[in-house]
């Protein structure tokens with residue numbers, strides 16, 4: 001969570017997590033609202049104090065420029081249309097607001113492990129399409145956002161990580177593809193036009 005927190009702050013309320021699931025990330029980061037199409041998971045998010053809304057990430061039921069922060073943590077890899085998901089996140093974040101995208105890089109030992117599980121038919125990871133940090137940065141910037149920070153954690157082999165490794169977060173300008181988790185922080189500048197963000 002420290003990685004997402006460092007990529008998110010500072011931000012103005014209210015805040016939204018797209019792909020909130022059971023609300024574990026939203027609760028830890030103290031986010032206000034969560035959206036997810038998995039209605040059963042949303043009950044758990046509500047029990048954690050998250051205002052949870054049933055919605056697809058590429059069709060959010062919020063007005064333009066509603067939020068000061070939008071977080072997508074391990075959501076992009078499950079999206080059928082990542083550019084549409086990011087355009088929608090850009091639409092609902094305010095000028096000067098932040099969008100944070102958390103990923104497991106494809107080239108990391110963690111990414112290779114998850115892809116191996118996916119090929120073996122894992123019910124969760126078989127649906128994921130992992131990307132490199134540079135690929136995600138390109139998608140983020142293609143949605144009209146400006147990446148201004150990258151934070152990374154879980155360095156090294158996924159079989160040799162202990163609890164202390166979770167607390168080590170490194171600011172990096174590099175691609176950080178060998179880190180197990182990377183958070184890209186981006187800003188919506190006033191030059192982003194809403195009409196540019198619709199498909």
Problem - Of all residues making up the range 157-199, the number that are farther than 23 Å from residue 25 by Cα, part of a helix (DSSP H, G or I), touching a helix residue (DSSP H, G or I) at 6+ places or on another chain (Cβ under 8 Å) and at pLDDT 70 or above - result: 1
Fill in the blank from the handout: Scanning the range 14-24 for residues that are surrounded by 23 or more Cβ atoms within 10 Å (Cβ to Cβ) and outside any loop (DSSP other than H, G, I, E, B) gives 15, 16, 17, 18
Handout entry: In the range 124-156, the residues that are within 17 Å of residue 178 (Cα to Cα), free of Cβ contacts under 8 Å to residues at least 40 places away in the same chain and outside any strand (DSSP E or B)
Key = 135
Problem - Pairs where the first residue, in the range 47-70, is in contact (Cβ under 8 Å) with a residue 40 or more places away in the chain and the second is crowded, with 16+ Cβ neighbours inside 10 Å and assigned to a loop (DSSP other than H, G, I, E, B), C-beta under 8 Å, 6+ apart - result: 68/11; 69/11; 69/31
Fill in the blank from the handout: The strands (runs of 3 or more DSSP E) lying wholly within the range 47-120 that contain at least 3 residues that are surrounded by fewer than 24 Cβ atoms within 10 Å (Cβ to Cβ) are 51-54, 93-103
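The values are calculated or read from the model by the stated rules, or taken from the named source; none is laboratory data. For clarity, every value in this text was computed on a predicted model and none was experimentally measured. When we count neighbours, we look across all protein chains shown, and the Cβ atoms used for this are built from the backbone with ideal geometry, even at glycine.
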